[in-house]
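The next block holds one structure in the form of structure tokens; read it before the comments.
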Amino acid sequence: MAITGINNSSYTSYYASNYKNTVKKTDSEKDSTNTKDGNVTTSTVELKTSRPGVTKTEQIKTGYSNVNDYSKYLQGKYHYMNIGLTSMQGIPTTVSVSSAFLQKCMNDPEKAKYLEENLAAIPDCTKDTINGCLGTVTNQSYMIDANGNIIETASGTNDPDGKIAKENAERKAKENRETEEKVKEKRAAKKAEEEKAAKKRAEKSAERKETGDYTLSVTGTDVKSMTQSLVAGSVSISVPDRSSFDIKA
């Protein structure tokens, strides 16, 4: 890491990671499972994390026909990618990925894995930047160029009056509130879906009660087709009909 412009008030650091020298495919890193939905392939892989020697099982997708759809998929997982200035741990942050590199990744599982490993590591790396850099970090950026090289930039100050640290703390508190709101919205949406499903089940149960009492008997040699016939027979019973039926599967 080369650090330039250090003085008593501010600093800027630059870190570049070369894609060609960091991406290597090993047997332990090969996809364990693959599923396809149209042209899009979902692969279950082991991704490296920001902690040495620690990996996590993750699903990644490739096979997109255009960069726009691939970007939407990535932003669903890494909301800070290519949205301009955002806040991360209270620090003004930008995370940009070259569209040329996205195009390379969207149909190349090896490159896609490299990209997602690094995008996923950014939040933890931000914590390391805040805790490890001199003074108070004022802003940071991560840029992945057309060849997959990563340039990380961080600026900071000794912040003698604590003003910047206070602003960072306020932004972080806002981030936490927004995260809590999103969690509440998801819970509310899930509850609404559950209530909707429960209502449908109750309506279906009421419909069955209106049918009255019945007994169905199915004869056959294949229990799966027999069950399907039994279910179909129960649905076809009219309301006043409370008879017994023998059905051949």
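The values are calculated or read from the model by the stated rules, or taken from the named source; none is laboratory data. Predicted model, so just to flag it, every value in this text is computed and none were measured. FYI the Cβ positions are ideal-geometry reconstructions off the backbone, even for glycines, and counts take in every protein chain you see. Surface accessibility is based on the protein's heavy atoms, side chains included, excluding ligands, DNA and RNA. Shrake-Rupley method; radii C 1.70, N 1.55, O 1.52, S 1.80 Å.
Here PRO123 meets the list (1) closer than 26 Å to THR57 by Cα; (2) more than 17 Å from the chain's Cα centre (by Cα); (3) open to solvent by 40 Å² or more (accessible area, probe 1.4 Å) almost entirely, failing just condition (2).
For segment 73-89, residues that are assigned to a helix (DSSP H, G or I) and of a type outside the set (D, E, K, R) total 4. For residues that are within 16 Å of THR153 (Cα to Cα) and within 16 Å of the chain's Cα centre (by Cα), scanning just segment 96-120, find the one that is surrounded by the fewest Cβ atoms within 10 Å (Cβ to Cβ). Across segment 96-120, the extreme among qualifying residues is LEU119. Looking at TYR64, TYR78, just one residue is under 14 Å from the mean Cα position of the chain (by Cα) and either open to solvent by 50 Å² or more (accessible area, probe 1.4 Å) or modelled with pLDDT of 90 or more (or both), and that residue is TYR78.
Within segment 36-60, restricting attention to residues that are β-branched (Val, Ile, Thr) and in contact (Cβ under 8 Å) with a residue 12 or more places away in the chain, the residue that is most open to solvent (accessible area, probe 1.4 Å) is THR57. Selection within segment 152-171: residues that are at pLDDT 80 or above and in a helix (DSSP H, G or I). The member of this set that is nearest to THR86 (Cα to Cα) is ARG171.
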